[in-house]
Structure formats: structure tokens, C-alpha cells
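> Supplied in C-alpha cells, the structure appears directly below.
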Amino acid sequence: FPAVMQNNREWMAVKPNEIETMQPVLNTVEGNVITFGLGLGYFSYMASLKENVKTITIVEHDMEVIQLFIKHILPQFGNKKKVKIIFNDVIEYITKQLESENFDYAFVDLWHDVSDGFDLYLKIKKRNT
């Protein structure tokens, strides 16, 4: 996939380093999986291929990204019935809805570089402690 740009910055891409960092998680996920941030759908696609993954819930706050995914990427999934997309802000979802859900694994992919990643990490960690 080519990179997706936002405000002259690379926002989403599927690159070897991203694939490498996702692989240990993909090796272990099973059951009901939630991912915070859709990106280009690589994590969700790879998780959907696993027989022991029942569902993949994706929380994404950018409707344009969701529409791109639904139109161009999701149709390529062999197991697209496993995928559910929730249009919401991740912090709001974690604060108001996550406790009422039952997930076995969570994957977070919300930042594009260290300039915004650390602050988001702290916000999420604060909500889950």
C-alpha cells in the first residue's frame, strides 16, 4: 500500500517495521479482539485469517478512513464477517463503553510517530489503571 498523507505527514502505511511490530501480537491474539485505530487494516486483516479469532472490533474516529477501508480494503477480506467497525473517539470509547464489552485482546495503533504517540499512550494507560 502507498502511504496515506495528512497535513503533509505520513499518517498510515504498511511498512516492514510496522509488520514486524505487529507480528508478536498477531501470533498470540485469539477470541474477541479489539483494535484502537484502523490504519490501512493490516492488523485486522491478518487477525481475521486466524481460525481462533472470533471477532475483530475496530474503533476509529476518522470517517474518511472508515469509508476508504469499507470501500477498498474490507471487500478483500475472506473473513469480513468477523469485522465490526465503531466510529468513535478511542478515549471516549475506553471511558464509556469498554468495561461493558468482553474482549480477550486489545491492540492499539493510534499514533504515527513519537511526536504524538507518547501523549496518547499516557491517556490510554491512565484510563486502564
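The values are calculated or read from the model by the stated rules, or taken from the named source; none is laboratory data. Owing to the predicted nature of the structure, the values given are computational and were not obtained by experimental measurement. With ligands, DNA and RNA removed, areas are computed over all heavy atoms of the protein, side chains included. Shrake-Rupley method; radii C 1.70, N 1.55, O 1.52, S 1.80 Å.
> Tell me which residues come under 5 Å, amide H to amide H, from ASN32 once H is placed; ignore anything under 5 positions away on its chain.
It is LYS54, THR55, ASP104, TYR105, by chain and number.
> Hey, another quick one. Taking the full set of protein chains and a 1.4 angstrom probe, give the accessible area of GLU20 in square angstrom, rounded to the nearest 10.
140
> For the range 45-101, what is the convex hull volume of the alpha-carbon atoms per residue, in Å³?
Spelled out: Cα convex hull of the range 45-101, divided by residues, is 80 Å³.
> Still on this structure: So who's got an amide H within less than 5 Å of the one on VAL108, skipping anything under 5 residues away but keeping other chains? H placed 1.01 Å off N, in plane.
Under 5 Å from the amide H of VAL108 lie the amide H atoms of PHE36, each far enough along the sequence or on another chain.
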